Each structure stands twice: as C-alpha cells, then as structure tokens.
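The values are calculated or read from the model by the stated rules, or taken from the named source; none is laboratory data. If you're wondering where the values come from, they're calculated on a predicted model, not measured in any experiment. Heads up, the Cβs are rebuilt from the backbone with ideal geometry, glycines too, and the neighbour counts pull from every protein chain shown. For the accessible areas, the whole protein counts, side chains as well, though only heavy atoms, and no ligand, DNA or RNA atoms are used. Shrake-Rupley method; radii C 1.70, N 1.55, O 1.52, S 1.80 Å.
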Amino acid sequence: MNSGSYDAYGAYRAQGDVKRTGQNGRRLPATRALATEAVHAGREDLAGQGLHAAPIDLSTTYPSYDSRGEAARIDAFAAEGAEPEGPPVYGRLGNPTVARFETALARLEGTESAVAFASGMAALSAVLLVRNAMGLRHVVAVRPLYGCSDHLLTAGLLGSEVTWVDPAGIADALRPDTGLVMVESPANPTLAELDLRAVAHACGSVPLLADNTFATPVLQRPAEQGARLVLHSATKYLGGHGDVMAGVVACDEEFARQLRQVRFATGGVLHPLAGYLLLRGLATLPVRVRAASANAAELARRLAADPRVARVHYPRIGGGMLAFEVVGDPHEVIAGVRLITPAVSLGSVDSLIQHPASISHRIVDARDRRDAGVSDQLLRLSVGLEDVEDLWADLDGALGGVGSVLEAEAKGLSPSVV
C-alpha cells in the first residue's frame with residue numbers, strides 16, 4: 001500500500017516504491033499525483049496497442065481450443081479466486097474492460113485490488129456473504145449509513161445480525177463471530193465524520209468496511225487509515241454523470257479473491273459498458289470533486305447565514321455534499337426548485353436535492369432515523385458544477401417564505417453549521 005499526502009486542494013499525491021511500467025515497457029515514476037493516476041491508471045498499455053481510448057469488450061464468452069488448459073484455469077479460480085491468467089473465459093469470471101476500471105480504482109484508493117459489481121448494494125451484499133460463509137455473521141455498525149445499507153443489515157436479509165453502536169462503543173460490541181465493522185464517513189445524509197484511524201484501531205483484527213462514496217479517493221483514502229475494505233456506490237461520483245449504475249470494493253488481494261468467487265456464484269457482475277463509463281469518469285474525478293466542493297462550501301456559507309435555515313451540515317473534509325434543516329416545510333423547498341433537480345442519487349455534474357426522511361432513509365425506522373440525526377426538516381443537496389450564483393438563486397427562490405429564525409427558536413433550533 002502506498003503512503004502520501006494531500007495538497008491544499010484536497011488532491012492526493014502518492015508516494016512509494018511501487019514499480020509501474022507504461023507503454024513500450026518504459027518505467028513510470030514511483031510518485032504520481034492522484035490527478036495523473038485518475039487519467040492514466042488502467043490505460044498504460046493502450047499506446048502500445050495503437051489505441052488512445054480504452055476499448056469496450058462486450059463478449060460474454062471467449063473461444064478456447066485448449067479445453068484442458070481452460071479447465072485448469074477454471075479450477076484455479078474456483079479454488080483460490082485469483083483472476084484467470086491468459087485469455088478471458090466467460091463474462092461472469094471477469095471482463096477486460098471492467099478489469100481496467102478495477103485496476104484504476106485500486107490505484108486511486110491505494111489498495112492491492114478492487115472488485116466491481118452491478119451496484120453498490122451488490123458490492124455490500126458480496127462482502128456480507130464472504131464473511132457469512134466463514135461463520136462470521138455478526139456486524140457492528142455506526143449510524144447513519146445509506147438507508148438501504150441500514151435496511152440490509154437491520155432486516156438480516158442475508159443472515160447477518162447487526163449491533164448498532166456509537167463509535168466509542170465499537171470495541172465493546174465485538175464478539176467472536178463478528179465478521180465486519182461498517183461505517184460511512186462523511187455519512188449519508190448528515191455528513192457526520194468519523195476518525196477512521198481511531199475506528200480501525202477499535203476494530204482490532206475485525207475488518208473495517210468504510211463507505212467512501214461521499215468523499216471519494218480525492219478527499220480521503222480510508223485504506224491508509226486502517227480500513228481493510230473501501231466501498232463505493234460507483235453510480236455516484238466515480239461515474240459522475242448519472243448514466244451508470246455500479247458498485248466497487250477496494251481491498252487487499254486476499255479479500256478480492258473471495259469477492260470474485262461470490263460475484264461469480266451470484267452473478268452480480270458489472271456490464272462492460274458500465275466499466276467503460278466508469279473508467280472514463282475517473283479521468284475527471286479530481287476536477288469534478290474540487291469544483292463541486294467549491295460550490296458546496298459557498299452554498300453552505302450562505303445557507304448558514306439565512307434565517308430560513310435552522311442548521312447546515314457540511315463536513316470539514318469538504319466535498320460536494322451538504323445538508324440543511326429548514327425552519328418551515330422542507331417539501332415546499334423540494335417543490336420550489338427549478339434548476340436543481342428533485343431526485344435521489346448524488347455525485348452527478350448537475351445538482352440534485354431530496355428529502356431523506358421521505359426517500360433515501362424512509363426504509364429506516366423513524367426513531368432510529370431521528371436518533372441518527374436525520375430529522376424531518378433535513379434536506380440533502382448534491383451540489384453539481386453549475387454556476388454557484390445560479391444555484392443560490394434557485395435555492396433562494398425555493399426557500400421563499402418557508403420560515404424564519406423566530407420559528408426556528410420556537411422549535412428549539414438554533415442557526416449553526418455542524
């Protein structure tokens with residue numbers, strides 16, 4: 001795993017002695033900025049093939065005239081989960097286009113490997129199935145999480161049992177059958193942040209899964225802080241354009257082999273076109289995250305000073321996500337936007353707004369939801385790349401007459417940024 005540091009813009013510069021080879025076998029420098037990795041990782045062999053854009057391999061199956069050799073490679077995959085050497089075998093075992101994205105994402109997150117899936121929930125399900133198969137069905141988790149992640153754990157749909165704790169209670173909640181600790185930082189939708197290094201220390205030998213969807217590797221790399229597994233809903237910032245659905249887990253190669261076996265058995269594979277779109281999305285990820293962060297920080301500042309807003313949630317780490325609690329009816333704000341799109345999801349080039357208590361976190365028990373800080377007044381805003389003045393004009397108009405500071409005080413709220 002590499003180490004490194006962040007610059008003033010939240011960009012990561014990798015450091016280490018990793019030996020990389022580019023086109024024509026030329027040695028690449030051991031230190032490359034994250035912005036450079038985002039553009040080139042997974043593509044180093046293209047020029048040597050006479051290509052500039054990554055090809056899309058849509059094959060579901062591949063011809064083989066060496067059936068004995070193919071059988072041996074399939075046996076090796078079944079036994080170890082290692083990617084088959086040589087030509088591809090079948091789309092459910094792996095795809096060259098998807099592999100390019102996996103290689104690039106692992107490079108950005110600073111892990112040995114990454115395994116892509118058809119959605120973020122398919123990726124999380126695969127992690128749970130890997131641990132369940134080892135008899136480690138107990139999960140310790142910290143709220144808030146994405147609503148469907150919360151529901152998957154709480155409902156025990158895959159046979160898991162969950163204990164919800166505050167970060168300080170992680171160590172005491174561990175049991176002999178604990179297979180996973182799961183956190184999300186910044187969290188969906190409150191943007192609450194955790195000290196991932198402290199959380200990883202509390203986990204001991206139990207793997208820590210950190211959902212890094214909101215931050216992306218541009219703002220933080222959880223593996224460097226002790227997380228063994230880094231989860232992304234790649235549908236969001238990694239794709240970045242609202243036109244691809246995917247999930248990915250960045251991890252060490254040992255865990256990746258187990259994930260590949262589950263993916264093969266359950267069929268939650270990523271389509272090659274989605275892999276292509278994700279690889280293309282990574283190239284602009286640092287630029288998009290920085291631009292969205294600048295817009296979001298300015299909107300957070302203005303909202304915090306607005307008497308119609310009781311509280312603003314914006315993470316210290318930055319990013320394009322913010323949340324705010326209005327004094328009046330949040331549904332009036334949803335109905336009032338014209339430029340910003342009222343829709344679920346996030347991380348696109350355009351701005352999206354939604355009411356978590358009604359949509360993304362409605363599946364979570366109301367008391368649990370409120371205890372996690374997801375109030376009925378909370379709105380979540382995914383800030384895009386539009387001009388910030390246009391975004392503010394739209395928010396200002398949508399807020400209209402939804403409330404005042406006097407109403408906020410009557411409800412026990414005080415204007416603040418948290």
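A few points about this structure:
- Principal axis dimensions, largest first and in whole angstrom, of region 294-373 by Cα: 34, 27, 23
- Scaled radius of gyration (Cα, divided by 2.2 N^0.38 Å) that region 227-318 gives: 1.44
- What you get for region 200-337, charging only the Cβ of Lys and Arg (+1) and of Asp and Glu (-1), is a dipole of about 260 debye around the Cα centre.
- Secondary structure note: in the chain, about 60% of the DSSP beta bridges are antiparallel.
- Charge dipole of the chain about the Cα centre (unit charges at C-beta), most positive-ward option of 54, 38, 268: 54
- Placing dummy labels 7 Å off each Cα toward the beta-carbon, the span from residue 254 to residue 82 is 1.6 nm.
- Dipole of region 277-357, positive end: most advanced residue of 279, 335, 352 [Cβ charges, Cα centre]: 279
- Annotation: the antiparallel percentage among DSSP beta bridges lying fully within region 153-276 is about 30.
- Using the Cβ-Cβ distance between residue 396 and residue 368 with R0 = 25 Å, the FRET efficiency computed as 1/(1 + (r/R0)^6) comes to roughly 0.15.
- Inter-label distance for residue 66 and residue 198, nm, one decimal - labels placed 7 Å from Cα along Cα-to-Cβ: 5.5 nm
- Near residue 366: Cβ cut-off under 15 Å, other residues only, Lys/Arg at +1 and Asp/Glu at -1. The net charge is 0.
- Each distinct pair of alpha carbons in region 256-405 adds a 1/r term; the inverse of their mean, the Kirkwood radius, is 17.0 Å.
- For the chain: accessible area per residue (Å², 1.4 Å): 42 Å²
- Signed unit charges on C-beta, dipole axis of the chain, positive-most listed residue 231, 400, 113: 113
- Region 115-187: proportion of alpha-carbon pairs further apart than 15 angstrom, %: 52 percent
- Accessible area of the chain belonging to carbon and sulfur atoms, whole % at 1.4 Å probe: 54 percent
- Among [x] 95, 54, 48; [y] 77, 49, 48; [z] 77, 50, 37, the entry that matches Cα extents along the principal axes in Å as calculated here: [z]
- Cα centre as origin, Lys/Arg/Asp/Glu Cβ charges: region 165-205 dipole, Debye: 100 debye
- Expected-Rg normalisation [2.2 N^0.38 Å, Cα atoms] applied to region 121-268: 0.96
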